[in-house]
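The values are calculated or read from the model by the stated rules, or taken from the named source; none is laboratory data. Just so it is clear, the structure is predicted and the values come from calculations on it, not from any experiment. Neighbour counts are summed over all protein chains in view; Cβ atoms, including those assigned to glycine, are modelled from backbone coordinates with ideal geometry. For accessibility, only protein heavy atoms count, side chains too; no ligands or nucleic acids. Shrake-Rupley method; radii C 1.70, N 1.55, O 1.52, S 1.80 Å.
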Amino acid sequence: MTTEASFVRVCALSELVDDTPRRVEIGEVPVSVVRTEGEVFAINDICSHANVSLAEGEVEDCQIECWLHGSSFDLRTGKPSGLPATRPVPVYPVKIVGDDVLVSVTQES
């Protein structure tokens, strides 16, 4: 179970640009934070296929695309939607408190 204490402020909601990933690090965990379709998502920033930053990719239809080989991952589930990636990437719980975006990497969803 995710506890209140496990959530960490990563940025202000007002700092997020729609459909533009923002890379943050929580401890040693690289995370892409994305505001799209009226929601905020947090997904592990490393592509499961090529070990590159997903924050450098594009966001469309609640998916983030790896810029290197074109695999896309669902921001809600982390599941890849096409080759060459076959393994999902972790997604993390997000809470919005006022203008603060909080993410917990202690429990993956």
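For the reader, a short list of remarks on this structure follows.
- As for segment 80-102, it holds at least one residue that is aliphatic (A, V, I, L, M), buried (at least 20 other Cβ atoms within 10 Å of the Cβ), out of contact with any Leu (no Cβ under 7 Å at 6 or more places or on another chain) and not in a strand (DSSP E or B).
- Considering segment 45-79, the residues that are touching a helix residue (DSSP H, G or I) at 6+ places or on another chain (Cβ under 9 Å) and open to solvent by 30 Å² or more (accessible area, probe 1.4 Å) include one that is farthest from Val24 (Cα to Cα), namely Leu68.
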